[in-house]
1. Order the following by accessible area, largest value first: Val37, Val68. Probe radius 1.4 Å; ligands, DNA and RNA are ignored.
2. Would you mind checking which residues have amide H under 5 Å from Ile70's amide H? H placed 1.01 Å from N; only 5 or more apart, or other chain.
3. Summing -39500 (n - 2.57) over the DSSP H runs of n ≥ 4 in the chain and dividing by its residue number, what mean residue ellipticity at 222 nm do you reach, to the nearest 500 deg cm²/dmol?
4. Write down the percent of antiparallel bridges among all DSSP beta bridges whose residues are both part of segment 127-249, to the nearest 5.
5. On a 27 Å Cα-Cα criterion, which of the cross-link pairs Lys30/Lys241; Lys242/Lys293; Lys241/Lys293; Lys30/Lys293; Lys288/Lys360; Lys30/Lys242 come out too long?
6. Taking amide H positions as placed 1.01 Å from N in the peptide plane, with prolines and chain starts having none, which residues 5 or more places from Phe274, or on another chain, fall under 5 Å of its amide H?
7. Taking the alpha-carbon distance from Lys387 and a cut-off under 15 Å, which aspartates and glutamates remain once sequence neighbours fewer than 8 residues away in the same chain are dropped?
8. Suppose the chain between Val443 and Ala234 were pulled fully straight at 0.36 nm per residue; how much longer would it get relative to their current alpha carbon spacing?
Amino acid sequence: MRLYLINPSNPLVSSVQVKESRWNRYRVWKPLSLMVVAGLTPPEWEVSIVDENLGAPDYPALPRPDLVGITAFTSQADRAYEVAAHFRGLGVPVVMGGIHATMCLPEATQHVDSVVTGEAESVWPRVLEDARQGRLQRRYDGGHAELGAIAPARHDLLPARYAFGSIQTTRGCPLNCSFCSVTAFNGAHYRQRPVADVVREFQAIRERRVLVVDDNLIGTLPEHIARAKDLFRALIRAQVKKEWVAQATINFADDEELLALASRAGCRGVFIGFESSPPEGLRGIGRKYALMKGRDVRASVRRIQRHGIMVAGSFIMGLDIDRPGVGKRIAAAASRYGADTINVGFLTPLPGTRLWDQMKAEDRIALDAFPEDWKYYTLTFPVARYKHLSPDGIIAEMLACNRSFYALPRVLRRVFSNFRHRRSPLVSLVGNLSYRRNFRLDVTAFANFQQQLGGRWDQ
Ligand code: B12
Ligand code: SF4
């Protein structure tokens, strides 16, 4: 039995344009969801993962599979349905899973034979058995998996063309930010995999650099932080010797022992969601505000960096407090905080979030011809009506923000500072150059976007 697991591409995502910018090699990440689903697949299935981000194959030239599984974030949904249509046209049943199919079940059901909602662990073997017997059901609900004994992801299945391997050690987030799908999808309960399983899986990863995909590797409660320390100690003891980057909340900076252990365990960079400048913009968005309120953010960032860990800050533009001038304000705040790189996204109503419900009720979702418009839900296009900013205005703010933060003198100052403090200046340089290059790709993408979709906000 032959199974293809497919990660559809979205050419509008600048970071997958490897040909246009070779720095993007460092920003094409492995589709861990499919590696996990492959790990749940019994050996009688011959399984291949197709990552279209490395280039879509000539599907008609491939051997005919018995089943196709497709994953998709919302931004990939349109392409996912195209791929599904191709295989269904050949009479091959198609199963879709992942966040988009879960949040938009009725839509996904129209395009595929079966949908797996939620996490796959508890239902995937049954799906395969039903497919083999020709009695595939329309929907299987995996809910939230018990992480006590899950199979490791298949790290051997993808070609060695990625700069980073990937791994997941926890699921769920209690902070429930209004714009984020994680609490709705993975739940508010912070579930943790056993430390020994994580260490074993780390050792199975070929790449020297690894992305830890957890939404918050350290969690927020004392017991979460204790578990993170146990994990870091175990990675040090096992001499795993990987360099890794992870996502965390700013409270990462509050515990010197945690920082020292993370650094010794291989942590070289952390993505932190600052989201708003000023932090007051976070009020009403979720519980993250409590972590930022009254904090000396620069001192927190410095404490992290002193351990040789780079800080990539993420921000959102288009919050209800954002007015003209927000672009330069975010760039200035990020520079003041001392962030090594920034990633700024437009506030985007992702299906299944509280923000979606709110914007829908207020008739603020401008790009709503679905599924075609889903391809703009990359956080790099303004898809909604923003309170104080027109579509052209918010695009100009985004360009001003990136132009200011990634101005060459500022980039060189950051790289030099990393060199002086012995904090991987090369990684800092690659990160900054990659963003600078993508910024130029974004200018073209915005021009096309404005030309093609300019009138849609008035409808
Ligand atoms: C790592 C990550 C990335 C990485 C890697 C992506 C990749 N190729 O895997 C990068 C940085 C590239 C990325 C980019 C983006 N991301 Co992202 N990302 C994540 C993150 C943190 C973890 C994803 C992950 O690997 N999880 C681990 C796996 C094991 O879990 P899983 O994907 O949920 O898979 C399970 C189930 O969903 C299901 N399943 C999934 N697929 C399938 C398929 C089949 C056939 C079956 C049966 C089951 C199944 O089974 C799996 C095992 O239980 C999630 C948050 C999260 N907690 O999921 C956000 C998240 C997925 N990203 C998000 C977004 C918005 C984006 C971007 C659009 C914007 C951005 N933030 O930069 C881009 C778009 C990229 C694109 N190509 O279009 C949103 C998506 C929301 C949505 N409705 O689409 C999330 C949920 C975060 C959020 N804030 O809400 N992302
Ligand atoms: S803290 Fe991060 S993962 Fe958790 S809900 Fe907020 S944005 Fe999502």
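The values are calculated or read from the model by the stated rules, or taken from the named source; none is laboratory data. Here the structure is a predicted model, which means the values were calculated and not measured. Every residue, glycine among them, receives a Cβ derived from its backbone with ideal geometry; neighbour counts consider all protein chains shown. Just the protein is used for accessible areas: all its heavy atoms, side chains included, with ligands, DNA and RNA removed. Shrake-Rupley method; radii C 1.70, N 1.55, O 1.52, S 1.80 Å.
1. Working: Val37 25, Val68 0 Å².
Result, largest first: Val37, Val68.
2. Amide H neighbours of Ile70: Ile6, Val95, Met96, Gly97.
3. Working: 16 runs with 173 residues, N = 459.
Taken over the chain, the calculation gives -11500 deg cm²/dmol.
4. 20
5. Correct reply: Lys242/Lys293; Lys241/Lys293; Lys30/Lys293.
6. Answer set, sorted by chain and number: Ser314.
7. Here the aspartates and glutamates satisfying the reach criterion relative to Lys387 are Asp320, Asp322, Glu362, Asp363, Glu397, Asp458.
8. So the chain would gain 70.7 nm between Val443 and Ala234.
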